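Let me begin by presenting the structure, written as structure tokens, before commenting on it.
The values are calculated or read from the model by the stated rules, or taken from the named source; none is laboratory data. A quick note: this is a predicted structure, and the numbers were derived from the prediction, not measured. Neighbour counts are summed over all protein chains in view; Cβ atoms, including those assigned to glycine, are modelled from backbone coordinates with ideal geometry. Ligands, DNA and RNA are stripped out before the accessible areas are found, and what is left, the full protein with its side chains, is counted by its heavy atoms. Shrake-Rupley method; radii C 1.70, N 1.55, O 1.52, S 1.80 Å.
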Amino acid sequence: MTTTLAGGRAARRQTMRRIRPRRSPATVLLLAVWAGAVAVMWLWWHNTPSIADQNGKILNAGRITGLLAGYLMALVVLQMARVPALERRVGSDRVARWHAMSGRYTLCLVFAHVFLIMWGYALQAGKSLGDIVQQTIDSINQLPDMGKAAIGTGLFLLIGLTSIGPVRRRIPYDTWYHVHLLTYGAVFLTFWHQITTGNDFAVEPTAKTFWYVLYGSVTALVVWYRILTPIRLNLRHRMRVEAVIEETPGIVSVLIGGRKLHRMGAEAGQFFRWRFLAPGMRFSSHPYSLSAAPRPDMLRITVKAIGDHSARLRELTPGTKVWAEGPYGAMTAQRRSRGKVLLVAGGVGITPMRALFETLPGASGDITLLYRANTTQDLALWDELAAIADDRGARLMYAVNSPDGERPDISAERLRQKLPDIEQHDVFMCGPAGFAQGVYEALRGAGVPARRIHHESFEM
């Protein structure tokens with residue numbers, strides 16, 4: 001059984017919008033991050049007139065790594081704050097990659113800082129490198145706020161271990177997610193020793209004020225966007241499950257009703273983090289894309305059962321209350337810069353592509369959708385896609401395995417054969433990481449510039 005959910009008047013208005021591409025501020029933000037790192041290094045330089053001996057070199061290396069670690073901790077939390085300017089302009093997947101990279105650098109700097117500072121303190125006390133463990137214990141017992149810092153460092157170690165690829169793949173998503181939230185506690189616990197024992201903040205009141213402003217601003221953003229904004233959104237719109245419909249074996253659509261949902265500001269191509277207040281699901285929050293253009297009274301997600309949470313969606317009953325956070329994601333019509341568009345979907349990646357297929361501005365023949373699946377039975381929402389294609393004069397193609405299991409050819413040559421002017425297209429794609437990488441390489445080989453290939457991945 002399939003369900004048809006047309007976007008209505010709002011979706012039709014969207015198709016008539018002029019193309020006004022929105023530039024990503026990623027480059028400007030990265031330059032600002034590097035400028036902040038340079039400012040931190042200048043702070044150390046300004047407060048370090050000279051380095052007399054080997055012990056001084058070790059201690060100052062510890063100071064540098066500590067300052068940079070403290071700076072990156074603030075950025076790591078900022079990247080978790082789900083600030084709309086980042087989530088909707090830069091892209092949630094890119095912000096997630098920044099967060100993962102910043103987290104790795106932060107862990108390395110934290111452990112380097114601990115090792116170098118304790119080594120320097122040991123040498124300063126007339127001890128050797130072999131006494132570093134005892135020196136660490138003494139420092140925790142004697143220096144202010146070092147006990148909190150030690151607990152915070154232990155939490156960072158736990159978070160880092162559960163984020164290692166092989167470990168991450170073996171533990172449930174919800175376990176990893178809740179352990180990851182300990183980052184807030186780790187940052188809070190390690191902050192105070194920076195102020196009380198950090199030489200640069202003791203001798204430079206302006207630096208201490210800047211540090212308080214930096215961490216205070218990040219804290220305010222977290223409280224506003226992770227706590228207050230979702231509370232306001234859900235109290236205002238009061239969402240609930242209206243129906244659950246099986247589209248194909250293993251894939252269901254969940255229809256979600258509520259009040260004035262069009263005022264949530266959601267666009268086709270975006271996603272929410274959904275929490276269904278049903279037994280066994282209350283403490284799980286997962287990202288699912290909208291599979292239809294938002295309507296004033298209805299939203300829809302279409303999900304493949306690939307884990308415990310997604311498999312239980314089919315058990316939801318009408319009336320179940322829904323808690324959502326969002327909308328997030330930058331893969332919207334705002335990214336478009338050309339008149340012609342190719343949409344490429346792999347598997348359940350069809351969900352945001354279906355919404356874009358309906359709403360992207362374009363004349364007859366401007367929009368093409370290529371849908372990759374294992375079999376024709378796996379082509380979820382196919383009837384809806386066909387109806388949209390007929391209504392808009394759009395082109396709809398599918399690529400499925402042959403009866404003997406051979407994969408279809410999605411190469412640069414094949415793409416150029418199907419779309420001779422493919423280099424003049426914007427391309428939006430969504431699907432598994434391996435599929436997306438292969439299609440990306442084929443598109444580049446076919447002459448599509450990288451800046452016009454738009455992709456968001458949520459395999460985190």
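Things to note:
- In the assembled protein chains, Y71 presents an accessible area of approximately 20 Å² (probe radius 1.4 Å).
- With both residues required to sit in the chain, DSSP beta bridges show an antiparallel share near 55%.
- Counting only heavy atoms of the protein chains and using a 1.4 Å probe, V110 has close to 10 Å² of accessible surface.
- The chain, dipole about Cα centre (Lys/Arg Cβ +1, Asp/Glu Cβ -1), debye to the nearest 20: 1480 debye
- Computed with every protein chain present, the accessible area of S50 is close to 90 Å² [probe 1.4 Å].
- In this simple spin-label model, placing a label point 7 Å from the Cα along the Cα-to-Cβ direction at both A85 and M41 gives a separation of 2.5 nm.
- Protection proxy ranking for 298-305, 402-409, 334-341, using the average of other Cβ atoms within 10 Å per residue and placing the highest first: 298-305, 334-341, 402-409.
- Take 226-238, 270-282, 140-152 and order them by the average number of nearby Cβ atoms within 10 Å per residue, most first; the result is 270-282, 140-152, 226-238.
- K260/Q417 FRET efficiency (R0 45 Å; Cβ-Cβ; nearest 0.05): 0.45
- Gyration tensor (alpha-carbon) shape descriptor, region 165-248, a/c threshold 1.5: oblate
- Working from label points 7 Å from Cα in the Cα-to-Cβ sense, the R168 to W224 distance is 2.9 nm.
- Summing charges over all other residues whose Cβ lies under 14 Å from the Cβ of K418, with Lys and Arg as +1 and Asp and Glu as -1, gives +1.
- Length gained when the stretch M101-R407 is fully extended (0.36 nm per residue, less Cα-Cα span): 106.7 nm
- Cβ-derived FRET efficiency at R0 45 Å, K321 paired with T375, nearest 0.05: 0.80
- Over region 206-321, Cα pairs under 8 Å with separation of 6+ residues give a relative contact order of 28 percent.
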